[in-house]
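Below you'll find the structure, written out as structure tokens, and then a few comments.
The values are calculated or read from the model by the stated rules, or taken from the named source; none is laboratory data. Keep in mind that what you see is a predicted model, and the values were worked out from it rather than measured. FYI the Cβ positions are ideal-geometry reconstructions off the backbone, even for glycines, and counts take in every protein chain you see.
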Amino acid sequence: MAQPIIHNPVQFFVGVIISEMELWDNISRAISSNWGEIEFSSEKVDFDQFTQYYQSEMGTGLTRFWFALEGIRFPDDLIRIKWSCTAIENSLTQDKNRRVNLDPGYITEAKVILASFKDFAHRIYLTEGVYADMQLIWRDGKFIPREWTFADYRSDIAQKFFTRLRETYRRKLKLYIQGELEPIRGGGKIHR
């Protein structure tokens with residue numbers, strides 16, 4: 001009979017789609033004060049090349065990038081980080097429109113998981129309105145998209161960022177297994 005095993009800690013990241021880069025300093029301070037420092041970021045790219053999904057709300061000329069949060073945490077922090085990012089988004093709305101979209105997620109050795117408030121056939125409900133959305137799986141030395149994977153997560157920029165993040169995570173996981181690194185616990189103010 002299988003016995004329950006506590007999941008290893010994971011490495012968290014946040015995907016950013018932003019209409020005005022001038023907002024970034026305030027956003028990064030809010031995230032850092034709640035969830036720790038930003039360890040590194042991806043290159044910034046024009047999000048409009050992937051989709052027009054957010055244009056009616058956020059306009060055109062959107063910038064897309066991802067950043068890694070320092071340390072490792074247990075995956076159940078995904079719910080709190082999602083709600084915290086939503087509070088930051090809501091604090092920056094203008095005329096009821098978002099100016100930033102913050103999508104937190106985490107990486108393991110095998111996959112990239114996003115948090116979502118939207119249900120879909122492949123998403124698994126967690127709790128408090130949050131679903132887990134597996135965007136990428138690791139196979140044969142690279143991340144492989146699924147049929148539902150967003151276009152920006154299929155890009156070379158994403159592949160480069162998530163491969164680097166996986167390497168970083170694997171180093172931290174090794175230290176954790178050896179007892180040399182403790183996961184970060186707690187943090188984050190949730191405003192619903």
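Of the residues 154, 146, 99, which single one is free of Cβ contacts under 8 Å to residues at least 24 places away in the same chain and among the basic types (Lys, Arg)?
Values: 146 fails: free of Cβ contacts under 8 Å to residues at least 24 places away in the same chain; 99 fails: free of Cβ contacts under 8 Å to residues at least 24 places away in the same chain.
On inspection, the qualifying residue turns out to be 154.
Could you look through region 91-109, keep only residues that are out of contact with any helix residue (DSSP H, G or I) (no Cβ under 7 Å at 6 or more places or on another chain) and surrounded by fewer than 13 Cβ atoms within 10 Å (Cβ to Cβ), and pick out the one that is farthest from residue 184 (Cα to Cα)?
If we take residues in region 91-109 being out of contact with any helix residue (DSSP H, G or I) (no Cβ under 7 Å at 6 or more places or on another chain) and surrounded by fewer than 13 Cβ atoms within 10 Å (Cβ to Cβ), then 95 is farthest from residue 184 (Cα to Cα).
Specify which of the listed residues (157, 137) is among the β-branched types (Val, Ile, Thr) and not in a strand (DSSP E or B).
Exactly one residue qualifies, and that residue is 157.
For region 114-133, give me the residue count where each residue is in a loop (DSSP other than H, G, I, E, B) and either of a type outside the set (Phe, Trp, Tyr) or touching a residue at least 60 places away in the same chain (Cβ under 8 Å) (or both).
Total meeting the criteria: 7.
Return the residues of region 93-109 that are assigned to a loop (DSSP other than H, G, I, E, B), at pLDDT 95 or above and not charged (D, E, K, R); say none if nothing qualifies.
Within region 93-109, the first condition is being assigned to a loop (DSSP other than H, G, I, E, B), and the residues that meet it are 93, 95-96, 98-99, 108-109.
Narrowing further to those that are at pLDDT 95 or above: 99, 108-109.
Matches in region 93-109: 108 only.
So, in region 20-46, of the ones that are over 18 Å from residue 88 (Cβ atoms) and touching a residue at least 40 places away in the same chain (Cβ under 8 Å), which residue ends up surrounded by the most Cβ atoms within 10 Å (Cβ to Cβ)?
This residue is 42.
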